[in-house]
Amino acid sequence: MLPELLQKTSLFRLLFVIDSDLAARKREERCPHCGGPLHKANYRRKPRGGPVDIPEQYCIRQSLCCGNEGCRRRCSVESCLFIGRRVYWRSVVLVVMALRQRRPDSLSAGELVRMFGISRKTLVRWFDYFEKVYAGSMEWQRARGRLSSCVADERLFGSLLEHCLNHAADALSGLVACCRLLAVGT
Ligand SMILES: [Zn+2]
């Protein structure tokens, strides 16, 4: 069920709409460095793991940049579509990690390679990072504050996704809510 969701363009459209809204709200603020006006400075990405025919308009990392000559600094905007500089979509990383951490029938690296076509090397890097380092990140600590204390850090995405799916009307909205919770903490 979850892997099929990642092939739905509607998932990425919904996340794109949230990202656009986050960027629009941020644009109403001023540059944190000099108080200048903020302008759009989006950039195109070529994310992996989603539908092959995804419209290019959704492959945009929303970003802002100060309009003051002499400052021009970038101002980051939270993103439900992307997770840092990773080339895979946030939702893809989330689902893969959740399947890896699912209890009692978690999937092995080999099974995930076959299902998603992601290289073993990349997967091992994700397991390492998201099971050991990410638990201490600001992003996770903020999301974790919204969950009950029975959620275990060593299976953070598994627990979080389970929680979101249990509280949503359908799986698609559960996955969207989960991406949003990680990106913005609400
Ligand atoms: Zn500035």
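A few notes on this one:
- Residue in the stretch 113-131 that is surrounded by the fewest Cβ atoms within 10 Å (Cβ to Cβ), counting only those that are among the hydroxyl-bearing types (Ser, Thr, Tyr) and within 22 Å of Val52 (Cβ to Cβ): Ser119
- The residue of the stretch 30-59 that is nearest to the chain's Cα centre (by Cα), among those that are surrounded by 12 or more Cβ atoms within 10 Å (Cβ to Cβ) and free of Cβ contacts under 8 Å to residues at least 24 places away in the same chain, is Cys59.
- Look at (1) in contact with a Phe, Trp or Tyr (Cβ under 7 Å, 6 or more places away or on another chain); (2) away from the ligand (no atom under 16 Å from the Cβ) and you find that Met1 fails only one, number (1).
- Look at (1) on the phi > 0 side of the Ramachandran plot; (2) open to solvent by less than 70 Å² (accessible area, probe 1.4 Å) and you find that Arg72 fails only one, number (2).
- Any hit, the stretch 104-111, residues being in a helix (DSSP H, G or I), open to solvent by 60 Å² or more (accessible area, probe 1.4 Å) and away from the ligand (no atom under 16 Å from the Cβ): yes
- Of all the criteria given as (1) part of a helix (DSSP H, G or I); (2) within 16 Å of the ligand (Cβ to nearest atom); (3) over 20 Å from the mean Cα position of the chain (by Cα), the one not satisfied by Lys26 is (3).
The values are calculated or read from the model by the stated rules, or taken from the named source; none is laboratory data. Note that the structure is predicted; figures quoted are calculated from it, not measured. Note that each Cβ is placed from the backbone with ideal geometry, even for glycine, and that neighbours are counted across all protein chains shown. Ligands, DNA and RNA are stripped out before the accessible areas are found, and what is left, the full protein with its side chains, is counted by its heavy atoms. Shrake-Rupley method; radii C 1.70, N 1.55, O 1.52, S 1.80 Å.
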